[in-house]
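Since the structure comes first, as structure tokens, the remarks are kept for the end.
Computed from the coordinates by the stated procedures, all read-outs in this text should not be read as laboratory data. If you're wondering where the values come from, they're calculated on a predicted model, not measured in any experiment. Cβ placement follows ideal geometry from the backbone for every residue including glycine, while neighbour counts extend to all protein chains displayed.
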Amino acid sequence: MTEKRPDTVRLQRISKASWESAALMSAVELDLFTAISQGHDDIVSAARTLDIEPVNAERLLVVLTAMELVSREGERFTNADDVERFLVRGKPTYAGPWMLFGKPRWDSWGRLTEHLKVKQPDQRLLGMYDDTFTVERAREYHEATYSIGMGAARRFHRQVSLNGRRKIMDLGGGSGCYCIVAAQTNDNIRAEVLDLPPVVVVTRDYIDQNGVEDRVIASPCDFTRDALPTDADVAIMASNLPQYSRNIIAGVVQRVFDALLPGGEFHLIGEMINPEGTGPLAPALWGLSEAVSRSTGLAHSESDCTGYFEAAGFTDISITEFIPETLTRVSGIKP
């Protein structure tokens, strides 16, 4: 038998992946999935609802069908199960803003080669969190992350029992999702979100919006160098791991250990690659995105993170898959 010669099909697909992203984002911006869910599920009625030409509705729907985001039976289209759950506006699980999260940096990703040539002296320790990071930018950022963050927070509190715990400190907690859900599900727990001053303004809005301001506060803090609360028996750091270098994260883990009450627990939830450094793809891409932000961050491995915990003095260290192929939770106890 003749060995099959390699072709360019896979490479071409990858090189045009941004076209697929554009189709998904456009469908979200146009509210096409919402229209389908509400019964405007053929080309003509979808076009009318979206106020676009039928030929453009057809072009987009054919691509979305090929991407398996919708299915087609004759002239009618149906949302895939995950699309119906997360991309139909008005549902409590709606995550449309998160799908558009990367769009503002679309052009910057197109200049990735230029960013990869930036030398270390020109990289920033906090990446996008430079002096230009305003309240307005923080609000835009966390409007995108809030919906997906609440889902992650609920998942965390289903996995981890905080019965008997008294106070959480959430490092870089952003919109405060983990603390908000903690207060909603644990009657006696208090929580403090630690983040940069422009972010804290936005965090307080989400705390008020959820009616937990009596037990959740937000405090300005650069957790990489500022003093941490010393009255917490739970620490959480979630979904911001690749933004920082190995030295910074090792230092943060040590500072958390020093600040926690004895017997306290630390949960580091992040986009970690496997010990072999071969994937998964999503955490690897988050690490690469730090080049676009010109930061010193990168994708940390699971073994990197357990090493930080061991060096700091944590015991009972465990690794748990949090979001398949995306997020991992490393936990430890301060003796």
Taking 0.36 nm per residue of sequence separation and subtracting the Cα-Cα distance, how much length would be gained by fully extending the chain between A282 and E321, in nm to one decimal? 12.7 nm
Which loop trypsin sites (Lys or Arg not before Pro) in the stretch 114-198, with loop taken from DSSP, have no more than 10 other Cβ atoms within 10 angstrom of their Cβ? K117, K119
D for the stretch 140-282, whole µm²/s, Stokes-Einstein with Kirkwood Rh over alpha-carbon pairs at 10 °C and 1.306 mPa s: what number? 103 µm²/s
Mind listing which trypsin sites (Lys or Arg not before Pro) in the stretch 68-116 are in a DSSP loop and have 13 or fewer other Cβ atoms within 10 Å? R89, R111
Whichever lysines have a C-alpha closer than 27 Å to that of K16, once near sequence neighbours (fewer than 8 apart) are set aside: K4, K103, K117
By how many nm would the segment from R13 to I333 grow when fully extended, if each residue of separation counts as 0.36 nm and the alpha-carbon distance is taken off? 110.7 nm
Cross-link partners of K91 among aspartates and glutamates (Cα-Cα below 19 Å; sequence separation of 8 or more within a chain): E29, D31, D41, D81, D82, E143
For K334, the lysines lying under 20 Å Cα to Cα, once residues fewer than eight places off in the same chain are dropped, come out as K167
Run the numbers on the chain and let me know its relative contact order in percent, using alpha-carbon pairs under 8 Å that are six or more apart. 13 percent
Return the whole-Å distance between the Cα centroid of the stretch 201-231 and the Cα centroid of the stretch 126-165. 11 Å
Labelled set (i) 19.9; (ii) 21.8; (iii) 21.0; Kirkwood radius over Cα pairs in Å computed from this model equals the value at (ii)
GluC sites (Glu not before Pro) lying in DSSP loop within the stretch 75-154, provided at most 12 other Cβ fall within 10 Å: E75
